[in-house]
């Protein structure tokens, strides 16, 4: 159920970003998803990227490549980019958003970045607090 | 590797898609998809605009309310001013008419709005404006009446229709007489000597006796009562104007 809701949020991100709010919302929503969800995340990255390309009227596959690169990095450094590592998560998100904004929107707006970082941190903490079952099983729990 | 991690495969597919899209091979797929995407985006955009308008209205509500109130006030002021302008225009044309009347330059006038016309003509000028009893009231060169009584802000004017008025007059053929009210809304020319000529259509003017100014038009002879036995002749007069239609008159304050 939560996954369906997240998928809807992802689609809303695509719709809002391509229509009224030129900011990497889809990327941020996707990174939130990727932080908690391992199964078929690459496929979701591919689909989300394609949807964003279609809705934005851009070359098909461009966003998919970027999103898949994010997935590859998060899988490569999964221990560091665990949701419990808030600072790493935030730094990774910030870097991704800055690179994406520079490449796609040709501008980086500091206030939007700050807002996105705060929102990302709050949502991450909220999801960890209220939906602990979503976390990848036993990654950081080393007692 | 491919089963466990499809990321690389998907990246390769993505690059292939980029290549195909650049080549234009995906247009046949994109064109029908656009037919769904465009209305969806339009709906979202309209919703955003509606929301923006709504929030704008909410944010600017005090300003809008003030503007609405201001608008109502201005509309009211505009109506009042339009009425005032209309009155001023009427007053102005009357004043021009009065100034253009061939009356002696020494005459000074007090303009007065007509309040009602009944037994007396009630005018909105009293002792405050300098009106005094027995002052003569005119409209242009036409005699309206004589001030009978004065209060602070209003005065009553005795009209030629009133039986209490006794106005020395002369006709356009120099026949002398006295104008007074006949009752029933008629004006009577009385005390005209039998030898003096009276004809229908003769104009009747003030003679200048009894403290009245000279040559003010009173009316026109409309009916003659010929009776050789009587000492004097009489005639009925048609007033020079309809007193009921008067809106503004002038009190001669200085002869």
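Every residue, every condition in (1) modelled with pLDDT under 85; (2) surrounded by 12 or more Cβ atoms within 10 Å (Cβ to Cβ); (3) more than 7 Å from chain A (Cβ to nearest Cβ), yes or no:
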| site | (1), (2), (3) |
| --- | --- |
| B:3 | yes, no, yes |
| B:14 | no, yes, no |
| B:18 | no, yes, no |
| B:43 | no, yes, yes |
Checklist outcome for this item: The condition of being within 33 Å of the chain's Cα centre (by Cα) and not in a loop (DSSP other than H, G, I, E, B) holds, among B:192, B:169, B:157, B:179, only for B:157
Checklist entry - Quick check: is even one residue across the stretch A:64-86 within 14 Å of chain B (Cβ to nearest Cβ) and closer than 20 Å to residue B:34 by Cβ? => result yes
Checklist entry - Any idea which of B:80, B:90 is touching a strand residue (DSSP E or B) at 6+ places or on another chain (Cβ under 8 Å) and under 30 Å from residue B:248 (Cα atoms)? => result B:90
Checklist outcome for this item: For the stretch B:238-255, pairs from a residue that is without any contact (Cβ under 8 Å) to a residue 12 or more places away in the chain to a residue that is surrounded by 14 or more Cβ atoms within 10 Å (Cβ to Cβ) and in a loop (DSSP other than H, G, I, E, B), with Cβ under 9 Å and 6 or more apart or across chains, are none
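The values are calculated or read from the model by the stated rules, or taken from the named source; none is laboratory data. Everything numeric in this text was worked out from a predicted model, so none of it was measured. Backbone-built Cβ (ideal geometry, glycine too); neighbour counts: all protein chains shown.
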